[in-house]
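The values are calculated or read from the model by the stated rules, or taken from the named source; none is laboratory data. No experiment lies behind these values; they were computed from the predicted model shown. Here Cβ is always computed from backbone atoms with ideal geometry, including for glycine, and neighbour counts include all displayed protein chains. Just the protein is used for accessible areas: all its heavy atoms, side chains included, with ligands, DNA and RNA removed. Shrake-Rupley method; radii C 1.70, N 1.55, O 1.52, S 1.80 Å.
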Amino acid sequence: MKPSLNTLPATELAAQATAGAITCEQVVRECLDRVAAREPVIKAWAYIDPDLVLRQAKAIDARANRGPLHGVPIGIKDVIETADMPTQMGSSIYRGYQTLSDASCVAVLRAAGALIFGKTVTCEFAGPAANVTTNPHDPTRTPGGSSSGSGAAVADYMVPFGFGTQTGGSVQRPSSYCGIVGFKPSFGLINPQGVKPAAESLDTVGLMVRTVEDAELFMRVLTGSEPVRWLSGDTRIRVGLCRTYAWDGAEEATRQAVEDAARRLEKAGFTVRDVELPSPCETLPTTREIINDFERARGMAWEWNTHRDQISAALAKAIRNGLTIPRAQYIEALETVERCRQRTAQLFNDVDVLLTPTVNGEAPVGLANTGDHRFQSIWTQLRTPAVTLPTHAGPNGMPVGIQLIGPRYGDDRLLAIAQRVFALLGRGPMIKL
């Protein structure tokens, strides 16, 4: 029995569509069927217009020139601008708001033949207040925030790709909770023009997919890079097991996942050694809140001054805090983080990647709490590339990811290593069709 087209990875869809074996219209009709069946429970989409989707598909099928993403449907987090769909940012302030242009990252993928399928649910302004999306493995649990809609839509086979953004942990955490591959590239590699800022020195556009090969394909298109050189089976890889200062807050599911991964990689011939984050990295939880709140408060000055009553209590708290932070304290936090970046870079003199937790455990029960960002925001501040792999399960059968970290701008090498690691460790729980 042939697999449904909506379950195929983007690399395979693009190859088949380019070869003429399938049409974009066939693909999106199966994706739309999946949305119709599951959206009442999952609630992944802030905006979707089936008629627009089908019109796009027919136009793509009629093209003579076929790009590297020909016919691949993608979801766009609803803080990222789209010319033909509203960008509402999870807020009543922007209900029906329509821009005249695509964000840079959307425009690049559209030009490469991708189909803009719809806008995925985001937490309000990609912030701390939870939205309506549920976890496709268990709708009583959170999918994580703030890229909740993209994580759930990709995990549930609605689309093979979704854009996320990460200021703390909003690509990696939903990817782990929903059981997909999440890739946060080095800071600045994907152009953020047209993305509503949260905290501009932290914001990173990221990718949510089901395979490492798909992450590589989208990064290649978005950054104009050469194809990644995948590693042979005899390539020697040095892994630094980095539990981080947050290890004491990890649940047993995360501890077992990371340590099991380390044991199995060592058995497979990887060199594994313990490493520790250098000082003053233990202060990163504090610096993250200072930087996030200071920049968020000023970046949302218009919304705060004109529509304060439409801002959630959780986000309002962050803005109020940011307005009280002295500039000197903000600059001190920036300087501390810069020292951490410089000292952490030296770890990669002795290892190729770091193996570290993604989250502190399974997705929490309830939709009000989107989870803890401690294990993700370390690497957001350090601006290193990070990939989450859905390799393990917790005691309730929910996904628990592991995280691999590479040196800054070592994105291609990190993806090559991640592909080998994923092949060795295997995939954790997936959605049953």
ask   = Among the numbered criteria (1) under 21 Å from A199 (Cβ atoms); (2) modelled with pLDDT under 95; (3) of a type outside the set (V, I, T), which single criterion is violated by G90?
value = (2)
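Mind listing whichever residues of segment 361-401 are small (G, A, S), assigned to a strand (DSSP E or B) and open to solvent by less than 30 Å² (accessible area, probe 1.4 Å)?
Of all residues in segment 361-401, those small (G, A, S) come to 361, 363, 366, 368, 371, 377, 386, 393-394, 397, 401.
Okay, now just the ones that are also assigned to a strand (DSSP E or B), so 366, 386, 393, 401.
Within segment 361-401, G366, A386, G401 qualify.
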ask   = Taking segment 179-191, which residues are within 22 Å of F294 (Cα to Cα) and within 14 Å of the chain's Cα centre (by Cα)?
value = F187
message = Can you go through A328, A316 and tell me which one is in a helix (DSSP H, G or I), over 25 Å from K196 (Cα atoms) and without any contact (Cβ under 8 Å) to a residue 24 or more places away in the chain?
response = A328
request  = Taking T99 as meeting all but one of (1) crowded, with 18+ Cβ neighbours inside 10 Å; (2) over 30 Å from I22 (Cα atoms), write down the number of the exception.
outcome  = (1)
request  = Within segment 1-42, track down each residue that is in contact with a helix residue (DSSP H, G or I) (Cβ under 7 Å, 6 or more places away or on another chain), over 21 Å from R55 (Cα atoms) and either of a type in the set (S, T, Y) or assigned to a loop (DSSP other than H, G, I, E, B) (or both).
outcome  = S4, P9, T11
ask   = Would you call L404 of a type in the set (A, V, I, L, M, F, W, C), without any contact (Cβ under 8 Å) to a residue 60 or more places away in the chain, outside any helix (DSSP H, G or I) and surrounded by 20 or more Cβ atoms within 10 Å (Cβ to Cβ)?
value = yes
key: Residues being touching a Lys or Arg at 6+ places or on another chain (Cβ under 7 Å) and either acidic (D, E) or at positive phi (or both) - total across segment 62-101   = 2
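Hey, among the residues in segment 45-64 that are among the small types (G, A, S) and out of contact with any helix residue (DSSP H, G or I) (no Cβ under 6 Å at 6 or more places or on another chain), which one's surrounded by the most Cβ atoms within 10 Å (Cβ to Cβ)? Steps first, please.
Quick first cut of segment 45-64, residues among the small types (G, A, S) only: 46, 57, 59, 62, 64.
Of the ones still in play, those that are also out of contact with any helix residue (DSSP H, G or I) (no Cβ under 6 Å at 6 or more places or on another chain) are 46, 59, 62, 64.
On the way: A46: 24, A59: 12, A62: 8, A64: 4.
Taking the candidates together, the pick is A46.
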Any hit, segment 263-270, residues being closer than 21 Å to P390 by Cβ, in a helix (DSSP H, G or I) and small (G, A, S) = no
note = From the option list I319, I331, I378, I311, single residue qualifying as more than 26 Å from the chain's Cα centre (by Cα) and of a type in the set (V, I, T) is I331
ask   = Which is within 22 Å of E12 (Cβ to Cβ), β-branched (V, I, T) and crowded, with 18+ Cβ neighbours inside 10 Å, of I74, I42, I80?
value = I74
remark   = Checking A114, A126, A130, A103 in turn, the sole residue that is more than 22 Å from M300 (Cβ to Cβ) and aliphatic (A, V, I, L, M) turns out to be A114
ask   = Can you pull out the residues in segment 407-417 that are open to solvent by less than 10 Å² (accessible area, probe 1.4 Å) and touching a Lys or Arg at 6+ places or on another chain (Cβ under 8 Å)?
value = A416
ask   = So which residues in segment 306-325 are surrounded by fewer than 18 Cβ atoms within 10 Å (Cβ to Cβ) and either under 19 Å from E200 (Cβ atoms) or in contact with a Phe, Trp or Tyr (Cβ under 7 Å, 6 or more places away or on another chain) (or both)?
value = N321, L323, I325
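Select, from E335, E295, E289, the only residue that is among the charged types (D, E, K, R) and either farther than 27 Å from G145 by Cβ or part of a loop (DSSP other than H, G, I, E, B) (or both).
Exactly one of E335, E295, E289 is among the charged types (D, E, K, R) and either farther than 27 Å from G145 by Cβ or part of a loop (DSSP other than H, G, I, E, B) (or both), namely E335.
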request  = State the number of residues belonging to segment 83-96 that are surrounded by fewer than 24 Cβ atoms within 10 Å (Cβ to Cβ), in a loop (DSSP other than H, G, I, E, B) and either out of contact with any Phe, Trp or Tyr (no Cβ under 7 Å at 6 or more places or on another chain) or of a type in the set (A, V, I, L, M, F, W, C) (or both).
outcome  = 5
query = Does Q346 satisfy the criteria of being open to solvent by 30 Å² or more (accessible area, probe 1.4 Å), in a helix (DSSP H, G or I), touching a residue at least 24 places away in the same chain (Cβ under 8 Å) and over 16 Å from L404 (Cα atoms)?
reply = yes
